[in-house]
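The values are calculated or read from the model by the stated rules, or taken from the named source; none is laboratory data. All figures in this text were calculated on a predicted structure; none of them were measured in a lab. Using ideal geometry, Cβ is built from the backbone for each residue, glycine included, and neighbour counts are taken over all protein chains shown. Side chains included, ligands, DNA and RNA excluded: accessible areas come from the protein's heavy atoms. Shrake-Rupley method; radii C 1.70, N 1.55, O 1.52, S 1.80 Å.
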Amino acid sequence: MKELIIKTRERIQMLDITDKMQAEIQLKESEEKFRLLHINSLDMTMLQNPDGELIYISPQVEKVLGYKAEEFMGISFPEQIHPDDRDKAHIMSMKALGGEDVLNFEYRFIGVDQELIWLSHTARPIVSDGKVVRVQSSVRNITRRKESELELAKYRFQREELVKERTSELEAKNEKLENFNSLFVGREFRIKE
């Protein structure tokens, strides 16, 4: 039992602060777990205020996008979103700010070296007293997956073209065979007569 001795003019008072110290230890342990999970996450985390302005972006922004967090603080909509995806991204942002969950929205982003980065973005509104007070987002780099999907699509296209080519060849040979067969059947019929 931990005790705190408080000395006043007239008397000495003792208080049991064991529960308070245990609560502080648990709080520190909880904060450390959160910090470790947050720092070691592969995803970038962001917070927006109800006006859409970024008020927090995690340090993973450098790993995911190549930019420093300070470059995005205070902005509402990054210009680095690919021009073809800006309207869709803006609509998704407005949905989240309006109170809707936006799950796994995919769009392209122009990285610091002008490389194209595919992102998957999940945004969830944080609501208090019926109003959106923040939007919490998680953003993941999915460029490798998109590149694999593109390679797979190319492979499928090539395979379909090969199947079409082979089908044409078979149809042409089948037509020749049918012509030969009709000649042969016609000749056989005439021989029997």
- Among the residues of the stretch 149-169, is any open to solvent by less than 100 Å² (accessible area, probe 1.4 Å), of a type outside the set (A, V, I, L, M, F, W, C) and either closer than 27 Å to residue 102 by Cα or not in a helix (DSSP H, G or I) (or both)? yes
- Item | Candidates 91, 117, filtered to the one that is open to solvent by less than 60 Å² (accessible area, probe 1.4 Å), over 18 Å from residue 55 (Cβ atoms) and either part of a helix (DSSP H, G or I) or touching a Leu at 6+ places or on another chain (Cβ under 9 Å) (or both) | 117
- Query: Of the residues 128, 182, 138, which is within 30 Å of residue 45 (Cα to Cα), of a type in the set (Ser, Thr, Tyr) and free of Cβ contacts under 8 Å to residues at least 24 places away in the same chain?
  - Reply: 128
- Message: Being touching a Leu at 6+ places or on another chain (Cβ under 9 Å) and among the acidic types (Asp, Glu): is that true of residue 175 here?
- Response: no
- Breaking point among (1) open to solvent by 70 Å² or more (accessible area, probe 1.4 Å); (2) at pLDDT 90 or above; (3) not in a strand (DSSP E or B), for residue 20: (2)
- Selection from the stretch 23-43 of residues that are farther than 29 Å from residue 115 by Cα and open to solvent by less than 60 Å² (accessible area, probe 1.4 Å): 23
- Query: Of all residues in the stretch 29-53, how many are in contact with a helix residue (DSSP H, G or I) (Cβ under 9 Å, 6 or more places away or on another chain) and of a type in the set (A, V, I, L, M)?
  - Reply: 3
- Query: Can you name the residue in the stretch 94-112 that is hydrophobic (A, V, I, L, M, F, W, C) and under 16 Å from the mean Cα position of the chain (by Cα) and is also farthest from residue 144 (Cα to Cα) among such residues?
  - Reply: 96
- Message: Every residue in the stretch 94-111 that is open to solvent by 70 Å² or more (accessible area, probe 1.4 Å) and either assigned to a strand (DSSP E or B) or of a type in the set (A, V, I, L, M, F, W, C) (or both), please.
- Response: 94, 103, 104
- Item | Condition check for residue 175: over 30 Å from residue 61 (Cα atoms), open to solvent by 100 Å² or more (accessible area, probe 1.4 Å) and either at pLDDT below 90 or out of contact with any Pro (no Cβ under 6 Å at 6 or more places or on another chain) (or both) | yes
- Query: Taking the stretch 35-87 on its own, how many of its residues are over 15 Å from the mean Cα position of the chain (by Cα) and in a helix (DSSP H, G or I)?
  - Reply: 13
- Name the single residue, out of those in the stretch 44-87 being hydroxyl-bearing (Ser, Thr, Tyr) and modelled with pLDDT of 85 or more, that is surrounded by the most Cβ atoms within 10 Å (Cβ to Cβ). 58
